[in-house]
Amino acid sequence: MSFAVMFLALVLGIIVEQAAPFSIYIGFAKPPVLICVVAYYALNPRPVSPAEQDGRLGQAGRTSPAPLLSAAFIGGILSDSVTGLPLGISSVIFAVAGVAMHHYRDKVFSGKSVTNVVFGATLGLSMPLAINAALLFFGQSALARPETPYCLQPGILILKIIGSAVMGALLFPVIHFLLERLELLIGTRLPDPARPVRQGEGVLRRFYDDLNPDNRP
Amino acid sequence: MKRNIIFFVFFLLAMGILFSLPEKQTDALSGSVRDAFVVQQTGLRRLREWFRAVFSDKFELLLENRRLRIQNEKLRNEIRGYQPLQEENQELRALLKLKADSGCQLLSAELIVHDVNGWWQMIRIDKGAADGVRPDLPVISPEGLLGQTVEVSQHTADVLLLTNPKLKVAGRIGRADIFGIVHGQGVNFQGGAGYRMDFMLKDAEVSRADEVVTSGLGGVYPAGLVIGYVENVQTDASGLFQCADINPAADFKALDIVFVVLPEKSQAAPDDKSGERRIAPERSRPGAGKRSTGGRP
């Protein structure tokens, strides 16, 4: 179920990215939706199993990098296929950015919304730089495609970096909130222990637990 | 910890496989993903157009309709004027026993994504290999040359625009046989685009507003497609040739319907009869580009 939510988020993300209007004033930057979805999974790592999520089995709190890496891999392939970039570039960038975010998530800011804005801006800032570097490198090598039609235009690149950073800062808190709500509603994520469960949250999870007696506490 | 390492190893392995796949396989993979998104992209584009139509002033449409009717009448008159010339041309060709032009087909296509990735100037159209489109085919708008197809999937094709500096076209000043290489100069901060024509002979007489057309050399573009109009001319850095800044004939900001120039009838889409019309590519002969271009500078 968690994978289905992730896949849905990635597919919707790429559609939004492609449909978004563009402007020269932001260097033709597209809203960094997919990287924001990957970042969500980096900041909210999954427990190894649902039972462990409840602390019923094994070591509670142990997390798995599988959702983050899956999101990076699938998101990267979707992005590269649809945007015409050499296949694999975005997957690598998403994975590196995700792992870095996962590593530093507790060390930067304590406030959640501030963290999301700062991380969104950082992602937006670093994505064009990373893609630019990858295009300059891969574009000339036979690893991905013999020759990409990319030409460095420094002015456009600066505008793109600024535009992408602004869009990342605005988008990431929204995407984080929406995905969090969706996961809470479906039940693939449990609410904070300090917060009472709201009506309707976790309906699918309860349905699943009722079907499988082994999962009942 | 051990489990995490296994996941990372799996990821690296998957990336290694992805990078080592042959170009054909990666093209097939990305092509099928692109095809899967055609419906959504077309739907979103239609939705956007519908919103625009609903909220825009209908008076504007009436004015445009009137303007198009006038233009239509003018063009019909113009065609009537060309008919005797065409007949005369056919008679002379028959007398000289010249082989008739093979002819090209125009396949109409709708734009589904205006700026595909934001990294290089590329658009996506809703016609692909299933319609007879293949890589390296010229794409034109009613005003002039736009670029060429690069990536083609079953139902989509990506068109690299001529504004991209890496795309080069053999050009010719239509008024005289002055040849050169035309390439894009990217996009400026006003969002406008421009071309440059290099390697024109130093003593050639090139003047402002001269029409630049494809020369037909190189084999990709048929001769006579309008590229743009000369803005200014100067001697290049080496001092051996002239170069010129070119104003594009095509309006890249207002693209909606474009045409793919298919080389032969047999390669055209069997089911797209409505969007096709025949053109005769001009040979590289003196005066080939002298035709009127509809009020452009």
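Per-structure values
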quantity: Likely footprinting exposure, B:Ile6, A:Ile186, fewest C-beta neighbours within 10 Å first; calculated: B:Ile6, A:Ile186
quantity: Long-range amide H partners of B:Gln154 with built H, under 5 Å; calculated: B:Ala129
quantity: Per-residue Cβ neighbour rank within 10 angstrom, fewest leading, A:Leu185, A:Leu159; calculated: A:Leu185, A:Leu159
quantity: Under Karplus coefficients 6.51, -1.76 and 1.60, residue-wise ³J(HN,Hα) of segment A:80-92 in Hz, glycine/proline x; calculated: 5, 5, 6, 8, x, 6, x, 4, x, 4, 5, 4, 5
quantity: Computed FRET value (nearest 0.05) for B:Ala36 with A:Phe177, which takes r as the C-beta separation and R₀ as 22 Å; calculated: 0.20
quantity: Inter-label distance for B:Lys168 and B:Phe51, nm, one decimal - labels placed 7 Å from Cα along Cα-to-Cβ; calculated: 4.3 nm
quantity: Where labels lie 7 Å past Cα in the beta-carbon direction, separation of B:Leu21 and B:Gln234 in nm; calculated: 4.7 nm
quantity: Residues listed by number, segment B:147-168, amide nitrogen under 20 Å from B:Arg134 label point at 7 Å toward C-beta; calculated: B:147-160
quantity: Amide H contacts under 5 Å for B:Leu137, placed H, 5+ residues apart; calculated: B:Thr149
quantity: Ranked A:Leu129, B:Leu85, criterion: other C-beta atoms within 10 Å, fewest first; calculated: B:Leu85, A:Leu129
quantity: Using θ = phi - 60° and Karplus 6.51 cos²θ - 1.76 cosθ + 1.60, couplings along segment A:155-171 (whole Hz; Gly, Pro as x); calculated: x, 5, 5, 4, 4, 5, 5, 5, x, 5, 5, 5, 5, x, 5, 7, 7
quantity: Whole-number percent relative contact order across segment B:188-244, with pairs defined as alpha carbons under 8 Å at least 6 apart; calculated: 38 percent
quantity: Computed FRET value (nearest 0.05) for B:Ile70 with A:Val114, which takes r as the C-beta separation and R₀ as 41 Å; calculated: 0.10
quantity: Within segment A:14-47: backbone nitrogen closer than 20 Å to the A:Ile158 label point (7 Å, Cα to C-beta); calculated: A:23-30
quantity: Contour excess over end-to-end distance, with Cα ends at B:Leu92 and B:Phe189 and 0.36 nm allotted per residue; calculated: 29.8 nm
quantity: Assigned charges on the beta-carbon of Lys, Arg, Asp, Glu; segment B:117-170 dipole about Cα centre (debye); calculated: 160 debye
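Since every read-out is calculated from the coordinates, none of them should be taken as a lab result. What you are looking at is a predicted structure, and each value in this text was computed from that prediction instead of being measured. Glycine also receives a Cβ, built like all others from the backbone with ideal geometry; neighbour counts cover every protein chain displayed.
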